[in-house]
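Quick notes on the structure that follows.
The values are calculated or read from the model by the stated rules, or taken from the named source; none is laboratory data. Nothing here was measured: the structure is a model prediction, and the numbers come from that model. As a convention, Cβ positions derive from the backbone with ideal geometry for all residues, glycine included, and neighbour counts pool all protein chains shown. Surface areas here come from the heavy atoms of the whole protein model, side chains and all, with no ligands, DNA or RNA. Shrake-Rupley method; radii C 1.70, N 1.55, O 1.52, S 1.80 Å.
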Amino acid sequence: MLIIKNIKKLVQVEEAPRVKVCGADMGQLTCIDNAFLLIEDELIKDFGPMEQMPKADDNTDIIDAVGGMVFPSFCDSHTHIVYAGSREIEYIDKIRGLSYEEIAKRGGGILNSAQLLHRTSEDELYAQALGRINEIMRFGTGAVEIKSGYGLNTEDELKMLRVIRRLKADTPLTIKATFLGAHAVPTEYKGRQSEYVDLIINEMLPQIAAEELADYIDVFCEQGFFTTEDTERLLMAGLHYGLLPKIHANQMAYSGGIQTGVKYGALSVDHLDYTGKEEIKCLLHSETMPTLLPGSNFFLAVPYPPVRAMINAGLSVAIASNYNPGSSPAGDMKFMLSLACIQMKMTPEEAINAATINGAYAMGISDTHGSISRGKAANVFITTPIPNYEFMPYAFTTPLIHKIVLKGNLLG
Ligand code: NIG
């Protein structure tokens, strides 16, 4: 048994857990002041004000939060952290004025990462990804979704997914794997895009399903990448193997990706920089979580999605880091909170809901993660003493995460 005591504020407490938080409710965050948290067998067992803290016995470990706050760990529902090397040279091209699409057209971007990954052994890829996992754990992330998509051929896509499987087994993070074979059209299929879609459907998916390597399927549904027709074929094939969609949609244009995702019951549609009235209406009549990735808007210096219109319409919103080498080489969810608040004008309460409970929903784990609730996974972090929770997004470069508990164990 583990008790965390003297918690200045226990944040995001739920007596009756919800699967997600929508519209005006996103502005509410339930907290308990001067609290304790009791953890047993990797789960949250109880919580309440200090005066109700149960007596500790000899088998109880105690952590004194000494005035720090306790948050549920972040649920980062969109990342690409299994990749080889880095792409800072393209970053220089970007600074000199080339757009993401222009870099991709020259064979840079995702295709560049695919070449690097092809030359990298599975063990080396694992070592690089593990470094990033350790990094994001220290940033307070307790659950993460990781995509394939830098393989773009059967062997290399399988290599990526096997690395994700090893990370699931070896680390205390909760990890969900998403198959993203349709991330870019490989050079050898240029002009024969539908044949590449056939390859994904007929060769990659059956092997991935046979080895149970993926939880979800993703498609980069975007102009210059995959059409809505390609996306429909891929999502139908994925559903045949029990893989729910989580797709890249409307990042660079009104691509129809949001409508396609909703039509196929996507768990989330992600990016959404181009979201208008039609898209909002479509999302309102769905169970799909709109997921915003402010790290890429920041890094690519492009306008942010219309989050206020979305929340005012009654939608839920999640935020994720999109940690990847091309559009967001950053996995710090606290920084994503700051971007959500400063750049997208979300309130701190909305941003925290978006990065915890709604992020959990976007990766299919909101019954077990995303809030301080009895029976949920004991994934929490303790901050240094801070005046209030608004300080988290406000102090946008200060490392405030002091101690981390994952699956009930204090990270050493
Ligand atoms: O979500 N947009 C597509 N995929 C990533 C970028 C991947 C890359 O550039 O390596 C994203 O932004």
message: Pairs please, first residue from region 98-113 and over 16 Å from M252 (Cβ atoms), second anywhere and near the ligand (Cβ under 9 Å from one of its atoms) and modelled with pLDDT of 90 or more, Cβ atoms under 6 Å, 6+ apart in sequence or on different chains.
response: L111/A184; S113/Y83; S113/Y150; S113/P325
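So if I check each of L239, L234, L213, which one is more than 23 Å from I103 (Cα to Cα) and in a loop (DSSP other than H, G, I, E, B)? Talk me through it step by step, then tell me what you get.
Numbers: L239 fails: in a loop (DSSP other than H, G, I, E, B); L234 fails: in a loop (DSSP other than H, G, I, E, B).
Going through L239, L234, L213 in turn, the sole match is L213.
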- prompt: Taking interchain pairs and intrachain pairs at least six residues apart, which have beta carbon atoms under 8 angstrom, with the first residue in region 381-394 and in contact (Cβ under 8 Å) with a residue 12 or more places away in the chain and the second among the aromatic types (F, W, Y)?
  reply: F381/F71; T383/F71; Y389/F71; M392/F71
- prompt: So Y361 fits all but one of (1) open to solvent by 10 Å² or more (accessible area, probe 1.4 Å); (2) out of contact with any strand residue (DSSP E or B) (no Cβ under 6 Å at 6 or more places or on another chain); (3) more than 16 Å from the ligand (Cβ to nearest atom); (4) more than 26 Å from D61 (Cβ to Cβ); what number is the exception?
  reply: (2)
- request: Go through the residues of region 237-246 one by one and say whether even a single one is within 16 Å of the ligand (Cβ to nearest atom) and either more than 19 Å from the chain's Cα centre (by Cα) or surrounded by 20 or more Cβ atoms within 10 Å (Cβ to Cβ) (or both).
  value: yes
- request: Return the pairs, sorted by first residue and then second, in which the second residue is open to solvent by 20 Å² or more (accessible area, probe 1.4 Å) and of a type in the set (D, E), the first residue lies in region 250-263 and is more than 16 Å from the ligand (Cβ to nearest atom) and assigned to a loop (DSSP other than H, G, I, E, B), the beta carbons are less than 7 Å apart, and the residues are 6+ apart or on different chains.
  value: none
- prompt: Consider F298 against the criteria (1) outside any helix (DSSP H, G or I); (2) within 16 Å of the ligand (Cβ to nearest atom); (3) open to solvent by 10 Å² or more (accessible area, probe 1.4 Å): it satisfies all of them except one. Which criterion is unmet?
  reply: (1)
field: Conditions (1) within 27 Å of K94 (Cβ to Cβ); (2) away from the ligand (no atom under 16 Å from the Cβ); (3) buried (at least 21 other Cβ atoms within 10 Å of the Cβ); number of the one not met by T288
entry: (1)
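Residues that are of a type in the set (D, E) and open to solvent by 60 Å² or more (accessible area, probe 1.4 Å): list the strands (runs of 3 or more DSSP E) wholly contained in region 59-124 that include at least 1 such residues. Steps first, answer last, please.
Values: elements: 61-64, 68-72, 74-79.
In region 59-124, the matching strands (runs of 3 or more DSSP E) lie at 61-64.
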message: Looking at region 106-129 only, could you name the residues that are within 10 Å of the ligand (Cβ to nearest atom) and over 21 Å from the mean Cα position of the chain (by Cα)?
response: G108, L111, N112, A114
Members of region 140-154 that are away from the ligand (no atom under 16 Å from the Cβ) and surrounded by 22 or more Cβ atoms within 10 Å (Cβ to Cβ): G140, T141, G142, A143
query: Which condition number does F226 fail, the rest of (1) within 16 Å of the ligand (Cβ to nearest atom); (2) under 28 Å from K376 (Cβ atoms); (3) open to solvent by less than 10 Å² (accessible area, probe 1.4 Å) being met?
result: (2)
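Of all residues in region 27-47, which are part of a strand (DSSP E or B) and either more than 23 Å from L173 (Cβ to Cβ) or small (G, A, S) (or both)? Reasoning before the result, please.
Quick first cut of region 27-47, residues part of a strand (DSSP E or B) only: 31-40, 43-47.
If the condition is that a residue be part of a strand (DSSP E or B) and either more than 23 Å from L173 (Cβ to Cβ) or small (G, A, S) (or both), then C31, I32, D33, N34, A35, F36, D46 are the ones that fit.
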query: Which of the residues belonging to region 155-184 are open to solvent by 40 Å² or more (accessible area, probe 1.4 Å) and out of contact with any helix residue (DSSP H, G or I) (no Cβ under 8 Å at 6 or more places or on another chain)?
result: E155, R165, K168, A169, K176
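For region 369-412, enumerate the residues that are among the aromatic types (F, W, Y), under 22 Å from the mean Cα position of the chain (by Cα) and open to solvent by 10 Å² or more (accessible area, probe 1.4 Å). Reasoning before the result, please.
Here is the first cut: in region 369-412, the residues among the aromatic types (F, W, Y) are 381, 389, 391, 394, 396.
Applying the additional criterion that residues be under 22 Å from the mean Cα position of the chain (by Cα) yields 381, 389, 394, 396.
The answer is Y389, Y394, F396.
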statement: The residue from I89, I95, I103 that alone is farther than 24 Å from E211 by Cβ, within 11 Å of the ligand (Cβ to nearest atom) and modelled with pLDDT under 95 is I103
- prompt: Can we say T356 is more than 26 Å from L315 (Cα to Cα) and open to solvent by less than 10 Å² (accessible area, probe 1.4 Å)?
  reply: no
query: How many residues does region 306-338 contain that are without any contact (Cβ under 8 Å) to a residue 60 or more places away in the chain and open to solvent by 10 Å² or more (accessible area, probe 1.4 Å)?
result: 4
